[in-house]
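Notes follow once the structure below has been shown.
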Amino acid sequence: MASNLALLPEPEPLRAVTVSRDVQEFDLLIEDMETELGEAWGDLDFAEAAAFLRQDDARKLEFIVLAVDKDDEARLPQIADVIRQGKRSGLKVILVADGLGPMALHELLRAGADDFAPYPLPEAALSDAVSRIRIQGGADNTEMLKRAGADLVDAQPQLPTPSMNLPATTGGGVKPEGAIFAVQSASGGDGATTVAVNLAWELANVVKDGGPTICVIDLGLQFGSVATYLDLPRKAMIYEVLSDISAMDEQAFRQALGHYKDKVSVFTAPAEILPLDLIGPEDVTGLLTLARTCFDIVIIDMPITVTGWTDTVFSLSDIYFLVCSLEVRSAQNAMRFHKLLQAEGLPIEKLTYLLNRAPGKMDMSGRGRVDKMADSLGVKFHAVLPDGGKQVTEVNDQAAPISTLAARNPLAKELGKLAGSLLEARKAIQSGVPQGAQKPAKKAIFGLKFG
């Protein structure tokens, strides 16, 4: 007997989804979505969207509609992450907002929304937004920011000073959101600060003219040493800023920065030894959101200790580098950190392993140890940094990047290559070049997409 199921029509494939705390709060949006798409749409909450947009099925969608109101302002980082994830999946993002303040709107639009419509929705507003993203690829940035109230945000623009390392803007006047790379050692002495400082310097010098603007943030509130590595003063106002990050604006942030040869800006650790719980997740979110707005690339030097805001930094980072050394202690800690991230449900694909002080190319037994360590961890080292020897310590003691005093050092050369590859991958993503078009040698290293 034939099954009656064969007579049932197949459901229409999804063409779009709405993402909101509760779509029932946006009844006009439901009506407009049904008018525009019929039954070919679904709805997700923010947590569901974050998981769904990482799946291959998400790439089959045409666009997503993000609906937010004033009650959602407390979860802006999570919402911005949904926007960035949607963009990584190649989707257009329409923002529908009800009662959000201009700063909140500004932040979400900078996260990558392609169009904006106020709620309650004016007649045909959603249809017009969909038409714009289909025909033109999105609304003009200036027009969109103006409709979203950005003129209130920019009412008192800050005048640049010669010491400021200001980022370039796009043709529409809106700077693309900066990338965040966090660096942490698996165990004490693995060299995360050396990697962070020198990677920042190499990124700042990959291009002679018009290179990216770089900021290093030292979150080692107790024993952070980025300032020592670059011979920069630890400003007294660092403590004041950390004590009340919610009150910090762009001017206060820039005043707190030190500058190394007008190439790298540094938010140093405070002069005093402070408790790691001086700042919380919301403080870290505010600091990093402002930093990535001001700079093209933000590098964070993390403390070894796992804190109450480590997961916040991990979630906001585009790549989280874990620096390991070729020893059992480091391997065990790396495995424990990996399991912790999995237990917390964090996006483990952001975790990238760097092996520091690796044996030389001619050391066959050493290469075997590297492969054995990678197999035991169940990972692939995305970069293997050679042992630079005593010369690295000597250069660090002179408070200078390695390539400035020891350009032929093997570690300096590899960090330069790593910086160049990072920058190429970021440019390719910003320009819309598919990652599959990159050179095969770099695909294994930069399978992660930037925000």
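The values are calculated or read from the model by the stated rules, or taken from the named source; none is laboratory data. Remember, predicted model here, so these are calculated numbers, not experimental data. Methodologically, a virtual Cβ is constructed for each residue, glycine included, from the backbone with ideal geometry; neighbour enumeration extends over all protein chains shown. Protein only, heavy atoms only, side chains kept; ligands, DNA and RNA dropped before computing areas. Shrake-Rupley method; radii C 1.70, N 1.55, O 1.52, S 1.80 Å.
Could you check, for segment 294-308, whether at least one of its residues is part of a helix (DSSP H, G or I) and touching a residue at least 12 places away in the same chain (Cβ under 8 Å)?
Yes; the residues of segment 294-308 include at least one that is part of a helix (DSSP H, G or I) and touching a residue at least 12 places away in the same chain (Cβ under 8 Å).
Would you pick out the residues in segment 309-328 that are assigned to a loop (DSSP other than H, G, I, E, B) and under 19 Å from SER246 (Cβ atoms)?
From segment 309-328, those assigned to a loop (DSSP other than H, G, I, E, B) are 309, 317-318, 325-327; that's our starting set.
Scanning segment 309-328 gives a single hit, TRP309.
Test GLU107 against the criterion of being at pLDDT below 85 and assigned to a helix (DSSP H, G or I), and give yes or no.
Numbers: at pLDDT below 85: yes; assigned to a helix (DSSP H, G or I): yes.
Yes; evaluated as a whole, the condition is true for this residue.
Given (1) touching a residue at least 24 places away in the same chain (Cβ under 8 Å); (2) assigned to a helix (DSSP H, G or I), where does ALA113 come up short, assuming only one miss?
(2)
Can you spot a residue in segment 329-347 that is at negative phi, open to solvent by 50 Å² or more (accessible area, probe 1.4 Å), part of a loop (DSSP other than H, G, I, E, B) and among the charged types (D, E, K, R)? Step through it out loud before you land on a result.
Within segment 329-347, the first condition is being at negative phi, and the residues that meet it are 329-344, 346-347.
With the extra rule that they be open to solvent by 50 Å² or more (accessible area, probe 1.4 Å), the set shrinks to 329, 332, 335-336, 339-340, 342-344.
Still in the list and also part of a loop (DSSP other than H, G, I, E, B): 344.
Restricting the remaining residues to those that are among the charged types (D, E, K, R) gives 344.
Looking through segment 329-347, at least one residue is at negative phi, open to solvent by 50 Å² or more (accessible area, probe 1.4 Å), part of a loop (DSSP other than H, G, I, E, B) and among the charged types (D, E, K, R).
Inspect all residues belonging to segment 322-339 and state whether any of them is closer than 27 Å to LEU109 by Cα, in contact with a helix residue (DSSP H, G or I) (Cβ under 7 Å, 6 or more places away or on another chain) and in contact (Cβ under 8 Å) with a residue 12 or more places away in the chain.
No, segment 322-339 contains no residue that is closer than 27 Å to LEU109 by Cα, in contact with a helix residue (DSSP H, G or I) (Cβ under 7 Å, 6 or more places away or on another chain) and in contact (Cβ under 8 Å) with a residue 12 or more places away in the chain.
If we only count helices (runs of 4 or more DSSP H) wholly inside segment 5-98, which ones have 3 or more residues that are at pLDDT 90 or above and surrounded by fewer than 22 Cβ atoms within 10 Å (Cβ to Cβ)?
Hits in segment 5-98: 27-37.
So ASP140 passes all but one of these: (1) open to solvent by 40 Å² or more (accessible area, probe 1.4 Å); (2) closer than 22 Å to GLU62 by Cβ; (3) out of contact with any strand residue (DSSP E or B) (no Cβ under 7 Å at 6 or more places or on another chain); (4) modelled with pLDDT of 55 or more. Which condition number does it fail?
(4)
Condition (residue is open to solvent by 10 Å² or more (accessible area, probe 1.4 Å) and farther than 23 Å from ALA406 by Cβ) applied to segment 202-209: is it met by at least one residue?
yes
Can you work out which of the residues in segment 225-240 that are open to solvent by 10 Å² or more (accessible area, probe 1.4 Å) and in a helix (DSSP H, G or I) is nearest to PRO275 (Cα to Cα)?
TYR239
Checking LEU354 against (1) open to solvent by 20 Å² or more (accessible area, probe 1.4 Å); (2) at pLDDT 80 or above; (3) touching a helix residue (DSSP H, G or I) at 6+ places or on another chain (Cβ under 9 Å): exactly one of these is not met. Which one?
(1)
Just to be sure before I move on: is VAL395 touching a Phe, Trp or Tyr at 6+ places or on another chain (Cβ under 8 Å) and farther than 24 Å from LEU316 by Cα in the structure I sent?
No; evaluated as a whole, the condition is false for this residue.
From the set of residues in segment 259-273 that are farther than 18 Å from LEU288 by Cβ and of a type outside the set (Asp, Glu), which is surrounded by the fewest Cβ atoms within 10 Å (Cβ to Cβ)? Quick ask: steps written out before the conclusion?
Filtering segment 259-273 down to residues farther than 18 Å from LEU288 by Cβ leaves 259-263, 271-273.
Going one step further and asking which of them are of a type outside the set (Asp, Glu), we end up with 259-261, 263, 271, 273.
Details: HIS259: 14, TYR260: 23, LYS261: 12, LYS263: 16, ALA271: 13, ILE273: 10.
Going through the qualifying residues, I end up with ILE273.
Here are the criteria: (1) more than 21 Å from GLY191 (Cα to Cα); (2) assigned to a loop (DSSP other than H, G, I, E, B). Tell me which single one SER246 does not satisfy.
The number of the failed condition is (2).
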